[in-house]
Ligand code: ZN
């Protein structure tokens, strides 16, 4: 059996990125000479994407969208942590200033953060962040402990982590106030499959606080 090959990045250099940028500008202007002028006038993306920092899951490329079309927040394992000022600021701006219609939490199978959280090794500072995923495990321990195949177990934890982060979004005053004020806003949970490129919709969408756990509902 040959060793699994990973994408070769040995040709990527610091200077190469700047060269790549020049090519991007030239190629883009060839198609649309007004492209950058128009983009510089402002943004009105209808989507907020909360995804993993993993280099293999770039929001625009995998959804065939362009700059200006998705507002993006990424962190390790696409977490929605209710005390994270960075995430809350992005969410508040996206919902209340940009007026996005959809917030999507997109996880991915094979997520290093989720794999680490399901194990017992110490990984340094990041363990404090990954603790939130261990909390997800604890909430769903009965289901997860019953899965004997380790890969299947982690895949399911990836899905459950997305679902819990969707719940965490609905629990924020930002999302609940948007609903209370009659804003058209839905939150969704997706998982990207690295090995095929396809996105799976977990069908855990919310567009009101009706089906939420009672304790998280604000008046
Ligand atoms: Zn990841």
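Please treat every number below as a calculation from the coordinates, not as lab data. This is a predicted model, so every value here is computed, not measured. Using ideal geometry, Cβ is built from the backbone for each residue, glycine included, and neighbour counts are taken over all protein chains shown.
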Exercise. Please give the length that would be gained between residue 134 and residue 74 if that part of the chain were fully extended, namely 0.36 nm times their separation in residues minus their C-alpha to C-alpha distance (nm, one decimal).
Key: 19.7 nm
Quiz item: When the helices in the chain are scored as -39500 (n - 2.57) per DSSP H run of 4 or longer and the sum is shared across all residues, what 222 nm value do you end up with, to the nearest 500 deg cm²/dmol?
Solution: -12000 deg cm²/dmol
Practice problem: Compute the relative contact order of region 1-89 as a whole-number percentage, counting only Cα pairs closer than 8 Å that sit 6 or more residues apart in sequence. | Solution: 23
Quiz item: Given the options 158, 187, 90, which has the most mean-square fluctuation in a GNM of the chain, springs set between C-alpha atoms less than 10 angstrom apart?
Solution: 90
Self-check item: Theoretical FRET efficiency, 1/(1+(r/R0)^6), r = Cβ-Cβ of residue 19 and residue 195, R0 30 Å, to 0.05
Solution: 0.45
Quiz item: Of all DSSP beta bridges located in the chain, what percent are antiparallel, nearest 5?
Solution: 20
Quiz item: Under a plain spin-label model, where a point goes 7 Å from the Cα along Cα-to-Cβ, how far apart in nm are residue 64 and residue 127?
Solution: 4.5
Quiz prompt | Relative contact order, percent, the chain [alpha-carbon distance under 8 Å, six or more residues apart] | solution = 19
Quiz prompt | Highest-MSF residue in the chain out of 92, 184, 32 [GNM, Cα springs under 10 Å] | solution = 32
Quiz prompt | Span from the region 13-79 Cα centroid across to the region 87-135 one, whole angstrom | solution = 20
Quiz item: So which residue, out of 144, 17, 39, gets the largest mean-square fluctuation from a GNM of the chain using Cα contacts under 10 Å as springs?
Solution: 17
Practice problem: Mind ranking 118-129, 4-15 by how tightly packed they are, going by the mean number of other C-beta atoms within 10 angstrom, highest first? | Solution: 118-129, 4-15
